[in-house]
Amino acid sequence: MGDGSGTLERLILIIGRSGVGKTTAGAFLAERLGGAVYEASAAFQELAAERGVSALDSAAALAFLQANGMASVAERIHRKMLSDPAPCAIVTGLRTREEVGYLTKRVRPNVRLQILAIEAPDAVRLTRLAARGRAGAALSPEALELFDAVEAQFGLTPVAAGIADAVIQNDGALPSFRKSLLKAVGVDDARALSPKGPVGL
């Protein structure tokens with residue numbers, strides 16, 4: 001099954017644990033590549049709201065997906081992609097293997113597909129999670145360990161590095177993180193970091 005729009009040339013899936021910098025990576029690559037960003041968390045919240053559910057913690061979110069389909073978030077994102085003429089789509093925050101499988105099977109053979117896994121030290125993740133200020137965020141090493149254990153049950157984080165085309169380390173230094181992202185997607189640093197705007201695909 002193809003993507004349907006006929007305009008998609010590139011699909012980048014960005015995966016990793018909470019607080020590693022997936023959203024930052026997606027926004028940066030979208031700017032440089034002229035792409036559209038689809039956040040799995042936003043798609044999940046839309047899906048849950050339609051079913052009258054809100055404020056789900058990780059355990060409840062997993063139960064929700066088990067009841068409604070482990071690929072249901074990816075299905076929603078794919079429908080949005082079909083109506084978007086952007087040549088580059090960047091999806092951040094997928095949490096299940098089914099989500100990744102659903103999207104990778106629905107792009108045309110000539111679409112350039114990349115899966116990027118981002119990793120970061122726990123200290124960096126804790127700092128970032130604290131800065132977000134979200135209710136219920138893991139703000140101690142112990143809480144983060146418990147959070148990661150629940151997230152691992154979604155199925156993607158234990159295999160993320162193994163299925164990724166590139167694993168990018170984010171130690172919290174933004175310039176080096178951006179350079180690593182650009183290298184992973186094959187974009188020349190000097191051109192992409194110039195103030196002239198997005199580069200072509």
What percent do you get for the relative contact order of the chain when only Cα pairs under 8 Å and 6+ apart count?
-> 33 percent
The Cα extents of segment 59-169 along the principal axes, largest first and rounded to whole Å, are 44, 33, 26
What does the charge count near Ala60 come to, summing +1 for each Lys or Arg and -1 for each Asp or Glu among other residues with Cβ under 14 Å from its Cβ?
-> 0
Determine, for Val20, Val150, the number of other Cβ atoms within 10 Å of each Cβ, and report the residues in order from fewest to most.
-> Val150, Val20
Derived scalar couplings ³J(HN,Hα) [segment 55-61; Karplus, 6.51 cos²θ - 1.76 cosθ + 1.60; whole Hz; x for Gly, Pro] | 6, 7, 7, 4, 5, 5, 5
Report Rg/Rh for the chain, rounded to two decimals, where Rg is the Cα radius of gyration and Rh the Kirkwood radius.
-> 0.95
Determine, for Glu142, Glu99, Glu119, the number of other Cβ atoms within 10 Å of each Cβ, and report the residues in order from fewest to most.
-> Glu142, Glu119, Glu99
Where does the chain land at 222 nm, in deg cm²/dmol rounded to the nearest 500, when only DSSP H runs of n ≥ 4 count, each adding -39500 (n - 2.57), divided by all residues?
-> -14000 deg cm²/dmol
Using DSSP, restrict attention to beta bridges with both residues in the chain and report what percent are antiparallel, rounded to the nearest 5.
-> 5 percent
Local electrostatic count, Gly172, Cβ distance below 10 Å [Lys/Arg +1, Asp/Glu -1] = +1
Please list, in chain and number order, the residues 5+ apart from Leu13 or on another chain whose amide H is under 5 Å from its amide H, with Hs placed from the backbone.
-> Val91, Gln114, Ile115, Leu116
Exposure proxy ranking, count of Cβ atoms within 10 Å, fewest first, for Ser41, Ser72 | Ser41, Ser72
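Read-outs: derived from the displayed coordinates by stated rules, not from any lab. Being a predicted model, the structure only gives us computed values, none of them experimental. Please note: Cβ atoms are built from the backbone with ideal geometry, for glycine as well, and neighbour counts cover all protein chains shown.
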